[in-house]
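All of the numbers you see were taken from the coordinates with simple rules; none came from a lab. Just so we're clear, the structure is a prediction, and the values are computed from it rather than from any experiment. Here Cβ is always computed from backbone atoms with ideal geometry, including for glycine, and neighbour counts include all displayed protein chains.
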Amino acid sequence: MAISGTAVINNSIVFIRDLLRSNVTDPISATRETNSGFVMTSYPDRKVNYPLITVKLLGFDAESLGMNNEQYWCTMRIEVRIWAKNQKQRDNLTDEVFNVLRQNKFGTGSTVTEQLYGFSLLSTSDVEESKGNASILSRLMVYEYSAVAAD
């Protein structure tokens, strides 16, 4: 699945999600309920088991690659958010996500092979969510990638 084309946003988000699904270890895989996902493209409406990772588009810019050119250089800011019940789990998953994304720039099945370019981690921030009696910790990581959109 090459990223560039007419579905550059969807293809990019799904590719990053699948890359994380395949390469980040679910710390509760043995006990996770079958209808509960570990890496998703949105926060689920159904019951969740923590930890979980969400991947979504945060921002998108497109610039023409030249006069009379049907191609656009697209820059996407992608939010990867770690949701966990404790700080250690959140920190470990943050490290693992960062390492998977930075180490999969080149080679078979890499971001460059799929025509998703320019890995950058732009920012990280911590958020504490209150969910009833338990607090859920999360960390937002904003990554930037680029791709070519064309017909």
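Please report, largest first and rounded to whole Å, the three semi-axes of the ellipsoid equivalent to the stretch 66-151, where each semi-axis is the square root of five times an eigenvalue of the C-alpha gyration tensor.
For the stretch 66-151, the ellipsoid semi-axes come out as 33, 16, 9 Å.
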Report summary line: Excluding residues fewer than 8 positions from K105 in its own chain, the aspartates and glutamates with Cα under 12 Å of it are E114
Report summary line: The exposure ranking of R81, R46, fewest beta-carbon neighbours within 10 Å first, is R46, R81
Query raised in the report: Can you list residues whose amide H is under 5 Å from L58's amide H, if they're 5+ apart or on another chain and H is modeled 1.01 Å from N?
Result: R77, I78, E79
Report summary line: Listed by chain and number, the residues whose amide H is under 5 Å from that of T41, excluding neighbours fewer than 5 places away on the same chain and using placed H, are V55
Query - Computed [θ] at 222 nm, helices only, for the chain once each DSSP H run of length n ≥ 4 contributes -39500 (n - 2.57) - result: -7500 deg cm²/dmol
Query - Proximal aspartates and glutamates to K56, defined as alpha-carbon separation beneath 13 angstrom and excluding residues fewer than eight positions away on the same chain - result: D18, E79, E144
Query - q = 0.11, 0.13, 0.16, 0.21 Å⁻¹: log10 I(q)/I(0) that the Debye formula gives for the stretch 8-149, counting C-alpha atoms only - result: -0.43, -0.59, -0.84, -1.31
Report task. Return the aspartates and glutamates within reach of K88: Cα separation strictly under 17 angstrom, same-chain partners fewer than 8 residues apart disregarded; answer none if there are no such residues. Result -> D26, E96, D126, E128, E129
Report summary line: Using eta = 1.002 mPa s and T = 20 °C, Stokes-Einstein with Kirkwood Rh from Cα pairs puts D for the stretch 41-83, in µm² s⁻¹, at 167 µm²/s
